[in-house]
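Presented below is the structure to which this report refers.
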Amino acid sequence: MPTTATEWLANNPGSLDQLDELLREADVPIEIWTEIPLWMKQEIAAQLAVSFSQPYWEDIARTTGGDAAKAIQQGLDNGWSIRKIADEMKDSLGDGKYAKRRALNIARTESGHALNGARKASMTRLMVDMGPEIPMRPEWLSVLAATTRDTHAILDGVPADDEGMWTLAGIRVPWPAYYALPPQERCNCMCTIVMSFGIKDSEAHRLIQEYYDRELAL
């Protein structure tokens with residue numbers, strides 16, 4: 001199914017002519033840059049399967065009759081927003097504001113885990129393809145909103161360690177919203193990861209140590 005980006009490009013053919021020309025000279029159609037490849041969709045599905053196999057999901061599945069898992073899988077397959085995914089499952093959670101809040105919580109948390117897992121996989125592929133000659137590392141990105149937890153805010157801009165991991169509230173994780181985090185550090189997490197190019201090991205180690213110093217001060 002076409003992504004929003006591809007639909008926009010189709011409706012605005014003159015807006016990115018120069019970029020399109022450069023990419024086509026390299027025999028890379030611009031549409032490839034705006035679609036999720038099959039392997040990444042498979043990675044998203046694999047991360048959802050991990051979530052759905054966890055003990056906590058038994059309660060969710062029981063109270064929603066399986067609608068939560070179905071809505072999340074369908075939503076990520078079709079590029080739905082988090083709110084649309086939540087809307088698809090909220091009726092199975094009962095009536096009122098609590099049902100809406102819980103649906104949004106589930107949708108945001110599980111989508112975050114699956115999408116960040118796929119992003120991390122793509123970054124790992126890129127690092128392997130480019131080789132050590134081009135220094136790069138995944139970097140934690142927090143939204144730094146009023147509701148951002150302090151433990152998440154102090155991780156903003158921190159690169160992954162030499163094993164591709166971060167330590168969040170004393171727990172080592174490969175990406176935000178990871179399923180092994182406790183609810184107080186996982187639920188409604190809106191953090192993500194980006195690739196930091198040109199960062200050398202010495203700089204990464206310094207930033208990581210500065211993070212540990214901030215964590216001790218909390």
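Quick look at the numbers
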item	result
Lone qualifier among Val128, Val194 - being within 26 Å of Gln74 (Cα to Cα) and exposed (fewer than 15 other Cβ atoms within 10 Å of the Cβ)	Val194
Within the range 171-184, tally of residues that are surrounded by fewer than 16 Cβ atoms within 10 Å (Cβ to Cβ) and more than 25 Å from Lys200 (Cα to Cα)	4
For His113: the one exception among (1) modelled with pLDDT under 95; (2) surrounded by 13 or more Cβ atoms within 10 Å (Cβ to Cβ)	(1)
Count of residues meeting criterion [under 28 Å from Thr147 (Cα atoms) and either in contact with a Lys or Arg (Cβ under 9 Å, 6 or more places away or on another chain) or assigned to a helix (DSSP H, G or I) (or both)] in the range 187-209	14
Any chance Ile154 is surrounded by 20 or more Cβ atoms within 10 Å (Cβ to Cβ), over 28 Å from Ala46 (Cα atoms) and either touching a residue at least 12 places away in the same chain (Cβ under 8 Å) or in contact with a Ser or Thr (Cβ under 7 Å, 6 or more places away or on another chain) (or both)	yes
Close pairs from the range 162-179: first in contact (Cβ under 8 Å) with a residue 60 or more places away in the chain, partner buried (at least 20 other Cβ atoms within 10 Å of the Cβ) and assigned to a loop (DSSP other than H, G, I, E, B), Cβ under 7 Å, at least 6 apart	Pro176/Cys189; Pro176/Cys191; Ala177/Cys189
Contacts under 7 angstrom Cβ, first residue in the range 53-71 being over 19 Å from Arg186 (Cα atoms) and free of Cβ contacts under 8 Å to residues at least 60 places away in the same chain, partner in a helix (DSSP H, G or I) and among the polar types (S, T, N, Q), 6 or more apart	Thr64/Ser92; Gly65/Ser92; Asp67/Ser92
Conditions (1) surrounded by fewer than 20 Cβ atoms within 10 Å (Cβ to Cβ); (2) closer than 30 Å to Lys200 by Cβ; number of the one not met by Trp140	(1)
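The values are calculated or read from the model by the stated rules, or taken from the named source; none is laboratory data. Nothing here was measured: the structure is a model prediction, and the numbers come from that model. Counting neighbours? That spans all protein chains shown, and the Cβs are built from the backbone with ideal geometry, glycine included.
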